[in-house]
Structures are given as structure tokens and as C-alpha cells.
Amino acid sequence: MTNIWQQYLTLEILNKRNANTMAQYLGIVFVEITDTTLNATMPVDRRTHQPLGIMNGGASCVLAETVASAGANFCVDQTIHYCVGLDINTNHIRSVREGLVTAIAEPIHLGGSTQVWGIKIYDPDKRLVSISRLTLAVLSRKH
């Protein structure tokens with residue numbers, strides 16, 4: 001697959017986009033852009049723990065949707081379109097108590113009205129923590 005990005009894209013742009021959002025509060029940081037994927041990290045700490053001291057499944061979903069949604073929006077001409085989540089499905093494979101998890105988001109389908117992205121989250125030892133699928137609507141901006 002060739003480069004999928006329709007807009008100029010840098011890590012600085014992606015990370016500035018998260019200012020004053022849940023992603024910033026949870027410590028999500030974009031760390032890599034390839035021709036077809038976006039990667040971001042998130043610390044597993046008191047902000048992302050559930051009462052048993054492991055990463056909350058909802059935090060996995062926030063990380064997955066943050067990375068894939070950003071990717072989706074840079075695969076369209078943002079002057080006329082934007083993308084929003086329709087459905088997210090996450091399977092939790094293993095728990096994480098601490099450290100930095102990494103999400104890798106890659107498109108499965110880049111259509112004119114919908115996009116589907118696959119997101120894998122790994123623990124610091126590169127073991128699979130969860131796998132998600134995010135479906136997004138591609139909407140037209142009103143001018």
C-alpha cells in the first residue's frame with residue numbers, strides 16, 4: 001500500500017491535536033508515522049487503572065479510538081470531510097499493571113462513506129494486550 005495520508009502529517013501536528021482532550025489527560029503521545037500506520041503510547045498508571053490495579057478496558061478503547069480516529073481524519077481532505085467513530089469492538093487479551101503500552105493503528109477499509117481501522121495494543125514486552133476494530137463515518141463539512 002502506498003502512502004495513505006491526504007494531509008500534511010507530523011508527530012507535532014498529531015500531538016498538538018490532543019491538547020485539552022481526554023487523550024492528553026491520559027498521557028497519550030503519538031510516536032511514529034509510517035506510510036500506512038500511526039503509533040501512539042499511553043502510560044498505565046493511576047489514570048488508566050481500574051480498581052484491581054490493572055489497565056481499565058475503557059482506557060484501551062480510548063487509546064485505540066484516539067489513534068485510529070486521528071488516522072482516519074488524515075486520510076480525507078479535511079477541508080470538505082471529517083471522520084467520527086460509529087462502532088468500536090475490543091478484545092482484551094492480557095492485563096497490564098504498569099509501563100507504557102503502544103497502539104498501532106492500520107486501515108482495513110478506506111471508503112468514501114466509512115472507514116474501518118484495526119488497532120493492536122502491546123505491553124512494554126511487545127506482547128499483545130488487546131485488539132480493536134473501529135468503524136468510522138466519513139461526513140461532509142457544512143459550508
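Here, each number is a calculation from the coordinates, and none is a lab measurement. Note that the structure is a prediction, hence the values are computed from the model and not measured. Cβ coordinates were reconstructed from backbone atoms using ideal geometry, including for glycine residues, and neighbour counts include every protein chain displayed.
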Among the candidates ASN18, ASN91, residue that is of a type outside the set (Phe, Trp, Tyr) and closer than 18 Å to VAL129 by Cα: ASN91
Residues of segment 114-139 classified as more than 15 Å from the chain's Cα centre (by Cα) and either surrounded by 10 or more Cβ atoms within 10 Å (Cβ to Cβ) or of a type in the set (A, V, I, L, M) (or both), total: 8
When residues of segment 34-89 are limited to those that are surrounded by 14 or more Cβ atoms within 10 Å (Cβ to Cβ) and acidic (Asp, Glu), the one farthest from the chain's Cα centre (by Cα): ASP45
Among residues of segment 102-125, those that are touching a residue at least 24 places away in the same chain (Cβ under 8 Å) and either among the aliphatic types (A, V, I, L, M) or not in a strand (DSSP E or B) (or both), counted: 12
